[in-house]
Amino acid sequence: MSRVLAVIAIDGPAASGKSSTGALVARRLGWAHLAALDAEEGRRRTAKDGERWSAQRIVALAEDLPVRLVLVGDTFRPEVAGVDVEEAIRTDRVTRHVSAVAAIPEVRTWVNARQRAAVASHPTGVVVDGRDIGTVVFPDAPLKVFLTATPDERARRRLSQRGRAVLADEVQRESQALAARDEADASRPVAPLKPAPDAVLLDSTTLTLEQQVEQVVELARRRLPH
Ligand code: CDP
């Protein structure tokens, strides 16, 4: 008898709350959390870097180092040659260079296979968030959530994360940048940002983080076997 895949896919635009929601939903369910790296932003700027190496060479190197997803507590963290790189891979300097590589189809296929293996290895279940989780990585996930919020609200959230007062003109600038990015992400050729046909659309504009977590947990209780 085939087992229902214990995975919740959360996709959505930048600063919609995917990662914070994913981590809290996982904790509520006693599951693990896996946050995929969105490498597309840098790819547009540095496409040439990725073309210097063949896809086969990059995948062989990833196998040799190795590049792995390691479960630490309730979070899958990326590790390169035994070193935890969770923080390092999210810095601008690294995304600018690594993203060219991450956009190569063979490399994406390899990464997606690692993500599937991580989920398959977990005894309870995994909440995975990213941009193409419900559409490409786990098209058979029993629960897919597409998290949205208006660009203004996402701009406020992103700016609030810095821990200082948020000015109206900063929100306006950030909001315009996010709207432009949404447009580019939705129309890009590799893994365009769009909800899977069977995704639940969750507009979090007027919700608190706790409320949106509660809604996803509620959907999980209704849809997933327990
Ligand atoms: O992963 P993603 O870029 O989609 O967003 P995030 O880093 O999880 O969330 C951005 C910020 O918005 C975090 O500081 C959240 O606490 C905050 N936030 C939220 O996600 N949802 C709300 N309803 C309110 C705030």
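Bear in mind that the values in this text are calculations on the coordinates, not laboratory data. In this text the structure is predicted, and so the values were computed from the model without any measurement. Positions of Cβ are generated from backbone atoms using ideal geometry, with glycine treated the same way; all protein chains shown enter the neighbour counts.
How high is the relative contact order of the stretch 7-219, given as a whole-number percent (alpha carbon pairs under 8 Å, six or more residues apart)?
RCO, the stretch 7-219: 34 percent.
For the chain, what does the equivalent ellipsoid look like in terms of its semi-axes, each the square root of 5 times an eigenvalue of the Cα gyration tensor, given largest first in whole Å?
The answer is 26, 25, 16 Å, longest axis first.
Could you work out the helix-only [θ] at 222 nm for the chain, with each DSSP H run of four or more residues adding -39,500 (n - 2.57) and the total divided by the number of residues, to the nearest 500 deg cm²/dmol? Please report the intermediate quantities before stating the final value.
Values: 8 runs with 107 residues, N = 226.
The per-residue figure over the chain is -15000 deg cm²/dmol.
Suppose R0 equals 30 Å. What FRET efficiency, 1/(1 + (r/R0)^6) with r the Cβ-Cβ distance, do E183 and E218 give to the nearest 0.05?
With a Förster radius of 30 Å, E is 0.40.
Assuming 0.36 nm per residue, please report the length gained on full extension of the stretch T124 to D198 beyond their Cα-Cα distance.
24.3 nm
Could you list the trypsin sites (Lys or Arg not before Pro) in the stretch 118-226 that lie in coil according to DSSP, counting only those with at most 12 other Cβ atoms within 10 Å of their Cβ?
R162, R164
Cβ under 10 Å from A155's Cβ, A155 left aside: what net charge do those residues give with Lys, Arg +1 and Asp, Glu -1?
Summing Lys and Arg as +1 and Asp and Glu as -1 gives +1.
Provide the percentage of antiparallel DSSP beta bridges, counting only those with both residues in the stretch 7-219; round to the nearest 5. Present the calculation step by step, with values, prior to reporting the outcome.
On the way: 8 of 26 bridges.
Bridges in the stretch 7-219 that DSSP calls antiparallel: roughly 30 percent.
At a Förster distance of 45 Å, what's the computed FRET efficiency of D64 paired with D140, Cβ-Cβ distance as r, to 0.05?
Details: r = 31 Å, r/R0 = 0.68.
Efficiency computed from Cβ-Cβ geometry: 0.90.
Given the Cα-Cα distance of R162 and V83 and 0.36 nm per residue of separation, how much length would full extension add, in nm?
That pair, R162 and V83, stretches by 25.7 nm at full extension.
Suppose R0 equals 41 Å. What FRET efficiency, 1/(1 + (r/R0)^6) with r the Cβ-Cβ distance, do V72 and E210 give to the nearest 0.05?
Details: r = 25 Å, r/R0 = 0.61.
It comes out at approximately 0.95.
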